[in-house]
Amino acid sequence: MRPVAPCSAVLRLDVIETPYAIARVTTILTARRFDVLTLDVGAPAGGRRRMTVELAAGDDAEVRRAVKYLHRSPDVLKVVHLPDEESHARRAAFVVIEAPAHRLPEVVTVAQAMSAEIVEAGHGRCTLFLAAEPDRVAELVTALGDFPVRDVVLSAPVRTRTLRRPGEHGRAGQPGTMLNARILR
């Protein structure tokens, strides 16, 4: 079971805060037959709402087409494509497994190795929480392979641009790396 889409594109949109603006944006995507995998809408701030949309995308041309359609909407103020190589991605996941009490130490070992948190354990079930890169979420599910997985609940992807520009190598001591970051006052 792989809980992340293998070919997806993540778009970050700034949408005006008006009634039905979110519905109009999603209608644009569904009317043109884009497959929306996840949709996350943030709370209003400064007359805007931030949306993160994950689309099942076959290629770059399809992503460009989605961006083009979204730019046409008067409700959309800004569209940013966040490709994997230019952004940091995290997903939150709850994984519920069947785990008898005598096997709980095994679950604890896997959780510690994967930096997951055991949220609840008892009555033959165990709930783990992990916030990490999408591949780490899939690795957690694989690592728990000896236990029957009852449920996997994933959040929409959370993404932000990297500090480096495309093509820049982030070696220690070079511009664009965290070691040379300065706090601007």
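The values are calculated or read from the model by the stated rules, or taken from the named source; none is laboratory data. The shown structure was predicted, so the numbers you read here are calculated from the model rather than taken from an experiment. Heads up, the Cβs are rebuilt from the backbone with ideal geometry, glycines too, and the neighbour counts pull from every protein chain shown. For the accessible areas, the whole protein counts, side chains as well, though only heavy atoms, and no ligand, DNA or RNA atoms are used. Shrake-Rupley method; radii C 1.70, N 1.55, O 1.52, S 1.80 Å.
Quick notes on this one:
- Residues considered: Asp14, Asp60, Asp75, Asp35. Of these, the only one that is of a type in the set (Asp, Glu), out of contact with any Lys or Arg (no Cβ under 9 Å at 6 or more places or on another chain) and surrounded by 13 or more Cβ atoms within 10 Å (Cβ to Cβ) is Asp35.
- Enumerated strands (runs of 3 or more DSSP E) restricted to segment 80-143, each holding at least 1 residues that are out of contact with any strand residue (DSSP E or B) (no Cβ under 9 Å at 6 or more places or on another chain) and at pLDDT below 95: 117-122
- So Thr38, is it at pLDDT below 90 and either in a loop (DSSP other than H, G, I, E, B) or among the β-branched types (Val, Ile, Thr) (or both): yes
- Look at segment 50-65: where a residue is part of a helix (DSSP H, G or I) and a partner is open to solvent by less than 70 Å² (accessible area, probe 1.4 Å), sitting 6+ places away or on another chain with Cβ atoms under 7 Å, you get Val63/Ala9; Val63/Ala57; Val63/His81.
- Selection from segment 99-110 of residues that are surrounded by fewer than 18 Cβ atoms within 10 Å (Cβ to Cβ), out of contact with any Cys (no Cβ under 8 Å at 6 or more places or on another chain) and touching a residue at least 12 places away in the same chain (Cβ under 8 Å): Pro100, Ala101, Arg103, Glu106
- In the set Ala156, Ala116, Ala132, only one residue is crowded, with 16+ Cβ neighbours inside 10 Å and in contact (Cβ under 8 Å) with a residue 60 or more places away in the chain; that residue is Ala156.
- Residue check for Asp146: of a type in the set (Asp, Glu) and closer than 30 Å to Leu13 by Cβ: no
- When the test is whether a residue is charged (D, E, K, R), buried (at least 18 other Cβ atoms within 10 Å of the Cβ) and over 25 Å from Leu163 (Cβ atoms), Arg49 passes it.
- Residue check for His71: more than 19 Å from the chain's Cα centre (by Cα) and under 29 Å from Asp146 (Cα atoms): no
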